[in-house]
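The values are calculated or read from the model by the stated rules, or taken from the named source; none is laboratory data. Since we're looking at a predicted model, the values are computed, not measured. Here Cβ is always computed from backbone atoms with ideal geometry, including for glycine, and neighbour counts include all displayed protein chains.
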Amino acid sequence: MIKKFIHQFASPKTYLYQVNRFYPYIFYSSLVIYIISLIWGLFFTPEDFVQGNSYRIIYLHVPASFLSQSLYLAMAVASVTYLVWRVKLAAYLIIAIAPIGAMTTFIALISGSIWGIPTWGTWWQWDARITSTLILFIMYLGLISLHNSFSNFEKADKLTSWLVIIGAVNIPIIKKSVDWWSTLHQSASITLTEKPTIDVLMLYPLIGSIIGFLGLITCLVLTSSKYQILIREKTKSWIRDYV
Amino acid sequence: MNELKLEYLKLKKKTRSWLGPILVFWLIMLAFPLTVEFMQDKLEIGFFSVLWIAILISMMLATEDIFIEDYNDGSLEQTIIKNTSFQFLISIRIVVYWLMIGVPISILSFIFSLGTSEDLLLSISVIPLSIISSYIFLNLFALGSALSLNKGSLLGALITMPLALPVLIVLGKSIIAFQLGINYLEFILLLLGCLSIIIIAVPIIVSFIIKAHLE
């Protein structure tokens, strides 16, 4: 049953219709969650006793950083799916995610830099976490350039998938960089295995902002993937009916 | 052994391909002291950074035409249908490039390091670092060269450059570790660990990539 569902959903046509069905729900609920979390975090949480009000940038920085890595992982999964099972939709998703991944990584870097000024006294530091995130940003740009350099989509998809898989080695490096090297960047405050080190008053809006941001970025990915399908499948008869 | 000899003879004939990167390395290392005229007595401060970057650039240049000529004249297709494993042939080619370009550059690195720092032990410590790093860089840029086979080597170098940056960070840290007398061997082992994975993974991935180009 699961296999049947995956095969059905992996068809660009079914995907497109399902996306259109769920898109408004995801978009509006995420928007509401993010706005509420942002207002809660910015105006109704106490000041940090060390960082003062500057810590409030976490409601943008943490979701962006989390998603910059998650989107790359999603691309890696899509790449394996494409190379192993030749699922066309996976290839469309890779190139749909890449520019959005680059954007979230850029937001993470810029918001981190802005946060760096009041806390570290510098915009930039060649610290392991920051450098590996910069590498991730360059990887995203490289993937987009590689894909755009080929006019043959199939070849571009295959080569980009390989590069995505190779580049995935950077993700555990980013994740563990704060543990493997002595860095200015603090360790993760929320992990799956340990109790959060952040106060609950700050934690709830943070979780809300992560969920809201995740939903909004998912909507961007869905829109971008719809665009990819419309371009790639433009010769198919069902597209004409759809449009 | 025959494959090794064949690849060696092929590269030896292309003088520009193996001599060019060595000369570029030489020129960068010679030009470096000229650009810091006012602090000739403190050259070693920036020397190692320039050394690692010079190795990186030389390896990038070395892999510029590692597959493209064979791709253009059709011999890559012939190689794929040979009885010998294609991955193995790619490994051999990278080894030959390393022996003819990476190893001489590592020896030059030792000489330049000795001339600049006047510290024999430190200069000896540079040899394993440059030998391992040049092999890692060659593998990574060979991968880039395969990915951008008919799109120019610059694209390939740019897309694989991020993967080389962690190696540069480790190289920088290992020299500091040696100077402070701590953990130097750990860095060598870390590089060797990376190399052991790269040696196996890169030829396999490159073979798939080249096959995708030829399909």
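Some points to look at:
- All conditions in (1) modelled with pLDDT under 90; (2) part of a helix (DSSP H, G or I) hold for A:Thr183, with the sole exception of (2).
- Scanning segment B:167-189 for residues that are over 19 Å from A:Asp127 (Cα atoms) and either at pLDDT 90 or above or assigned to a helix (DSSP H, G or I) (or both) returns B:Phe178, B:Gln179, B:Leu180, B:Tyr184, B:Leu185, B:Glu186, B:Ile188, B:Leu189.
- Some residue of segment A:190-207 being under 17 Å from the mean Cα position of the chain (by Cα) and within 30 Å of A:Phe9 (Cβ to Cβ): yes
- In this structure, B:Ala54 does not satisfy being in a helix (DSSP H, G or I), over 15 Å from B:Ile101 (Cα atoms) and of a type in the set (A, V, I, L, M).
- Residue under evaluation A:Lys176, criteria (1) crowded, with 18+ Cβ neighbours inside 10 Å; (2) assigned to a helix (DSSP H, G or I); (3) more than 7 Å from chain B (Cβ to nearest Cβ), criterion not met: (1)
Residue-by-condition table, conditions (1) free of Cβ contacts under 8 Å to residues at least 60 places away in the same chain; (2) closer than 25 Å to B:Lys173 by Cα; (3) outside any loop (DSSP other than H, G, I, E, B):
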| residue | (1), (2), (3) |
| --- | --- |
| B:Ile45 | yes, yes, yes |
| B:Phe48 | no, yes, yes |
| B:Glu64 | no, no, no |
| B:Glu69 | yes, no, yes |
| B:Thr84 | no, no, no |
| B:Ile90 | no, no, yes |
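- Check on B:Leu155, closer than 28 Å to A:Thr133 by Cα, of a type in the set (A, V, I, L, M, F, W, C), assigned to a loop (DSSP other than H, G, I, E, B) and at the interface with chain A (Cβ under 10 Å from one of its Cβ atoms): no
- Considering each residue of segment B:192-214 in turn, none proves to be part of a helix (DSSP H, G or I), more than 17 Å from A:Ala168 (Cα to Cα), under 17 Å from the mean Cα position of the chain (by Cα) and facing chain A (nearest Cβ under 10 Å).
- Residues of segment A:131-141 that turn out to be within 8 Å of another protein chain (Cβ to nearest Cβ), within 18 Å of B:Gly172 (Cβ to Cβ) and within 17 Å of the chain's Cα centre (by Cα), as a count: 2
- Unmet requirement for A:Leu38, which otherwise passes all of (1) assigned to a helix (DSSP H, G or I); (2) over 20 Å from the mean Cα position of the chain (by Cα); (3) not β-branched (Val, Ile, Thr): (2)
- Residue list for segment A:80-130, filter: without any contact (Cβ under 8 Å) to a residue 24 or more places away in the chain, within 14 Å of another protein chain (Cβ to nearest Cβ) and under 24 Å from A:Arg56 (Cα atoms): A:Trp126
- Pick from segment B:168-191, criterion more than 14 Å from chain A (Cβ to nearest Cβ) and aromatic (Phe, Trp, Tyr), ranking: surrounded by the most Cβ atoms within 10 Å (Cβ to Cβ): B:Phe178
- In segment B:52-67, the qualifying residues are those that are of a type outside the set (Val, Ile, Thr) and in contact with a Phe, Trp or Tyr (Cβ under 7 Å, 6 or more places away or on another chain), and the one that is surrounded by the fewest Cβ atoms within 10 Å (Cβ to Cβ) is B:Leu56.
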